[in-house]
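Read the figures in this text as sums done on the coordinates, not as results from a lab. Quantities reported herein were computed from a predicted structural model and do not represent experimental measurements. Note: ideal-geometry Cβ built from the backbone for every residue, glycine included; neighbour counts use all protein chains shown.
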Amino acid sequence: MDFSEFTFIRALLGKLHSLSPERFDIVVTELRKAWVARMRNMLGQIGPNAVLLWFARVELSNEPWNSVPNPLQVDPLFITESMIDELRPLVRDVVQAVPSDIAKQQGTKGMYFPPMQAKVASEMLGVACHSEASNALMPLIKTLL
């Protein structure tokens with residue numbers, strides 16, 4: 001396989017999956033191990049007062065990565081509840097912030113971006129979603145002050 005044709009990782013992952021779906025779980029397993037190892041390293045450097053924020057369109061879960069529609073478009077990709085649980089001893093707490101449907105429906109309202117970036121901006125969690133995430137963090141932050 002010629003890797004020079006890929007600019008984006010998800011395109012590469014999609015190609016690998018299409019070439020060998022039965023062996024793709026090896027790639028997923030290795031990516032997960034690498035992510036946990038790097039997070040352990042980073043959290044070890046930051047210290048135990050760090051707070052992990054799960055900010056995603058869906059709740060944390062251990063469902064198989066490929067059980068959702070468009071599985072290679074999910075963010076964060078391949079991260080499971082078990083992986084987060086492995087990191088819990090290294091952090092003060094884990095906060096989940098899954099935006100409400102109302103917040104998601106706000107789309108790009110309040111966002112500033114060049115017209116050429118409109119498509120990318122529309123795929124991001126918008127201002128209302130970020131506001132809900134900050135509200136989810138506030139109770140914990142108040143206890144730390």
* To do: Give me the distance between the Cα centres of segment 81-107 and segment 1-79, rounded to whole Å.
  => 16
* Asked: What GluC sites (Glu not before Pro) does segment 33-121 have in DSSP loop regions with at most 10 other beta carbons within 10 Å?
  -> E59
* Asked: Mind listing the phi-derived Karplus ³J(HN,Hα) values for segment 106-117, rounded to whole Hz, using 6.51, -1.76 and 1.60 with θ = phi - 60°, and x for any glycine or proline?
  -> 5, x, 8, 3, x, 8, 10, 7, x, x, 5, 9
* Reachable lysines from K15, criterion Cα separation under 27 angstrom, eight or more residues apart if same chain -> K33, K119
* To do: Only Cα pairs under 8 Å and at least 6 apart count here; give the relative contact order of the chain as a rounded whole percent.
  => 23
* GNM on the chain, C-alpha springs below 10 Å: top fluctuator among M116, M39, M83? -> M116
* So, in nm, how far is label S67 from label E81 when the simple model puts each one 7 Å beyond its Cα toward the Cβ? -> 1.0
* Spin-label point model (7 Å from Cα, Cβ direction): what's the K109 to L90 distance in nm? -> 3.9
* **Stokes-Einstein D (µm²/s) once Rh is taken as the Kirkwood radius of the chain over alpha-carbon pairs, at 20 °C in 1.002 mPa s** => 122
* At 222 nm, what helix-only mean residue ellipticity would the chain give, in deg cm²/dmol to the nearest 500, using -39500 (n - 2.57) for each DSSP H run of four or more? -> -15500 deg cm²/dmol
* Asked: Between G110, V94, S4, whose Cα lies farthest towards the positive end of the dipole of the chain when Lys and Arg beta carbons carry +1 and Asp and Glu beta carbons carry -1, centred on the Cα centre?
  -> G110
* **Potential lengthening between M1 and K33 on full extension [0.36 nm per residue; Cα-Cα distance subtracted]** => 9.1 nm
* Cα-centre dipole for the chain with unit charges at Cβ (Lys and Arg positive, Asp and Glu negative), debye to 20 -> 380
* What are the residues whose amide H is under 5 Å from the amide H of A97, where those residues sit 5 or more places off or on another chain and H is modelled from the backbone? -> W54, F55, A56
